[in-house]
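Structure first, then comments.
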Amino acid sequence: MTPPTHSFEALMEITARPPITFVRGKGSYLWDDTGKRYLDFIQGWAVNCLGHSPSLLAEAISVQAKRLITPSPAFYNDSSLKLAKALTDVSCFDRVFFANSGAEANEGAIKLARKYGSLHKNGAYEIITFEGGFHGRTLATMSASGKKAFEPLFEPKVSGFPKARWNDLASVEELITENTVAVMLEPIQGEAGVWPAGDQFLRDLRALTAAHGLLLIFDEIQTGMGRTGKLFHYEHTGIAPDMMTLGKGIGGGVPLAALLATEAVSCFEHGDQGGTFNGNALMCAAGVAVLEQVAAPAFLKSVTENGLYLESELQRLSARHGLGEVRGRGLLLALDLRMPIAPSIVAAALEGGVLLNAPRHDSLRFMPALNITRQEIDLMIDCLDAVLAKAGVARRVA
């Protein structure tokens, strides 16, 4: 094999990365510059919903790039119109604002909620969010997040985000004042370690916000686009939020995100919101191709079935090694290790050619491509089983 020749020094240091340079990807696999292959159960943190470099996405981008990349957001383009119409057709929303990242979509949701409050709720501006929540890395979305590590950073934060306790309706109600305009949450807190909101909690939250005339905002950047077996997670509950944000999987690997809202709350005026690259034809063409694939009923059925299979295999592994619960839904799952060994497990799996994620020191998170095969699930389980056994956590009950 040719030894790696890439230098890491020119990139700003923002996170710990293994000294590996990926140069190619296809489906569930990545290859580094030495030729080593890795089975990827991270997929860019649930970004590559159809795996690495899917042919339909590459074709859509290639065709669009030869036709039109962007005419500027000061003009309409047919790709953004097509994607916006497709999204409203398959959801409970009426309007779409396209963005480049999930954080930008959430920033838009915060702005839209505050605009709504200024127009319809006597200037109400506070948005109740939740302990453990994660909404992005802009200053406002970090402020909205309930991630402990963010608390001392970049002070002073943006005010107006009181934090409720997860799955605790009474704690939400206690925070409601005349300044409250909305409640914002992830249906499953992914960054915190894959902690789902209960379906009944979400239904009760919808009833509570409706009773107080508050907006309900679902951050579906990680749960949306088929990740939990429905196209959007809110469909599991039978309720309809007032706003929803999408990112990650909506572009299948390219930078695309969206803020969706009902007609009643779509109150931006000219000049309130924008973005140089927002809704550009190239990324929206990618979004159209992804949505056509992911929204197919047979595709969503396969996500549900493979999610149940992965969940059962993780439960079997947990029982064998004396570990904890399996949390999540569909193909967004976590395994509780009951011990702070997740980083070492991730490192050992990497050596074995499998990419895993540790959102917490005691948990592993699994976010494979939505078209993952059972054979690929089995390969990951076998690798993880061996790593756990070598780490000495096995009870040898199987």
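Being among the aliphatic types (A, V, I, L, M), over 25 Å from the mean Cα position of the chain (by Cα), loosely packed, with under 15 Cβ neighbours inside 10 Å and over 30 Å from residue 359 (Cα atoms) narrows it down to one residue among 56, 68; which is it?
Sole residue among the options that is among the aliphatic types (A, V, I, L, M), over 25 Å from the mean Cα position of the chain (by Cα), loosely packed, with under 15 Cβ neighbours inside 10 Å and over 30 Å from residue 359 (Cα atoms): 68.
Say we look at the range 229-263 and pick out the residues that are among the polar types (S, T, N, Q) and surrounded by fewer than 24 Cβ atoms within 10 Å (Cβ to Cβ); which of these is nearest to residue 365 (Cα to Cα)?
Filtering first and then ranking leaves 237.
Residues checked against (1) more than 25 Å from residue 134 (Cβ to Cβ); (2) outside the structural domain of residue 72 (by TED's automatic domain parsing); (3) modelled with pLDDT under 95; (4) among the aliphatic types (A, V, I, L, M):
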| position | (1), (2), (3), (4) |
| --- | --- |
| 254 | no, no, no, yes |
| 282 | yes, no, no, yes |
| 287 | no, no, no, no |
| 310 | no, yes, no, yes |
| 316 | yes, yes, no, no |
| 326 | no, yes, no, yes |
| 351 | yes, yes, no, no |
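Out of everything in the range 66-91 that is in contact with a helix residue (DSSP H, G or I) (Cβ under 6 Å, 6 or more places away or on another chain) and either assigned to a helix (DSSP H, G or I) or modelled with pLDDT under 95 (or both), what residue ends up being nearest to residue 271 (Cα to Cα)?
The selected residue is 80.
Inspect all residues belonging to the range 33-42 and state whether any of them is within 14 Å of residue 253 (Cβ to Cβ) and among the small types (Gly, Ala, Ser).
Within the range 33-42 (the criterion being within 14 Å of residue 253 (Cβ to Cβ) and among the small types (Gly, Ala, Ser)), the answer is no, since none of the residues qualifies.
For the range 221-228, does any single residue satisfy the condition of being farther than 22 Å from residue 107 by Cα, at pLDDT 95 or above, surrounded by 16 or more Cβ atoms within 10 Å (Cβ to Cβ) and touching a Cys at 6+ places or on another chain (Cβ under 9 Å)?
Yes, some residue in the range 221-228 is farther than 22 Å from residue 107 by Cα, at pLDDT 95 or above, surrounded by 16 or more Cβ atoms within 10 Å (Cβ to Cβ) and touching a Cys at 6+ places or on another chain (Cβ under 9 Å).
Residues are listed down the side, and each one gets a yes or a no for (1) assigned to a helix (DSSP H, G or I); (2) out of contact with any Lys or Arg (no Cβ under 8 Å at 6 or more places or on another chain):
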site: 146; (1), (2): no, no
site: 152; (1), (2): no, yes
site: 155; (1), (2): no, yes
site: 158; (1), (2): no, yes
site: 171; (1), (2): yes, no
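With 24, 17 as the choices, which residue is in a loop (DSSP other than H, G, I, E, B) and not assigned by TED's automatic domain parsing to the domain that holds residue 377?
The conditions single out 17.
The values are calculated or read from the model by the stated rules, or taken from the named source; none is laboratory data. Note that the coordinates shown come from a computational prediction; the quantities given were computed from them, not determined experimentally. A quick note on method: Cβ atoms are made from the backbone with ideal geometry, for glycine too, and the neighbour counts reach across all protein chains shown.
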